[in-house]
Structures are given as C-alpha cells and as structure tokens.
Amino acid sequence: MVRFCVQQRCMSQLQINDCSKKIQNYVLKLPKRYIYALCKLKCANHRMPSVTGRWANIPVDDRTCTLCQSNDTGDESHYLFTCTFFSAQHIKYIKNYYYTQPNTYKTIQLFESPDYNEMLNLAKFAEIIVRQFRPNKN
C-alpha cells in the first residue's frame, strides 16, 4: 500500500510534485475548481485525520479514517484508493489498475498522466474527497 508522507506537507516526497519538471498537464488544462482540489490534496491542505492529527500531535498510527471501519490511517492514499466510504467514486473516477494493489509507482503514474480525461476524473474525485473534509460541507 502506498502511503503519502504524513510528516511532510507535500506529496513531493514521492516525486509526484518534482520541481524540476515542467508545469504539470492539469495546471494548464483543467478547470480552476479542479486544479484547486488537486493542489489541496497533493499539498495536504485539508482536514483529513493525517493532517489534523499532526496539528494535535496525535501519533501517526492513531490518525485513523473517520469514514470507514478499516482502522487505516486517514491519509490521501487511503481515501483515493481503499476507503470503502468512497467505493462508488473509486469505480467511477479511477481506473481499476490504480486502486487494485495500489503502490507508489501507480500513484506517480496517475498523478502524472498525460491523459486529460484521466486527470479530469482524478481531479473530480479529489474535489469530492477534499469537500468531505471541509469544516462546513454545505
């Protein structure tokens, strides 16, 4: 299982956001609302347990998902690939290849996909996930 670094602010630890690369595909082509959601997800600018637990000095192992019964760490990879709360969205927005036995390599492939529709679907799913953790979900 791939785990995003919950000790760092950005997923750049996985080289997903390598600064030496050119501007990523989605930055130039996706609607702004989806760019915003992807950036929030990638830079841990949200209120998932992995982040709020860090603010409260809760041990990493105790920052579990609040949406399902898995007792997995409530981090970006859990919500993107394995959380049962988002099962329908996994199927709708992410290709089976990515959420079946997810790993770092597949995650990097997904976030660096040159396929516009794949990036758009990822961004739509990111928006759903980030919205779930907003203080006011209205």
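For labels at residue 45 and residue 71 in the simple 7 Å Cα→Cβ model, what's the distance in nm?
Placing both labels 7 Å along Cα→Cβ, they lie 3.5 nm apart.
Computed over the Cα atoms of region 23-104, what is the ratio Rg over Rh, Rh following Kirkwood?
1.00
If amide hydrogens are placed 1.01 Å from N in the peptide plane, which non-local residues have theirs closer than 5 Å to the one on residue 64?
Placed amide hydrogens put 74 under 5 Å from residue 64.
Using 0.36 nm per residue of separation minus the Cα-Cα distance, give me the extension gain between residue 120 and residue 32 in nm, one decimal.
Taking residue 120 through residue 32 to full extension adds about 30.6 nm, to one decimal.
Throughout, read-outs are computed from the coordinates displayed, never taken from laboratory work. Keep in mind the model is a prediction, meaning the values are calculated, not measured. Backbone-built Cβ (ideal geometry, glycine too); neighbour counts: all protein chains shown.
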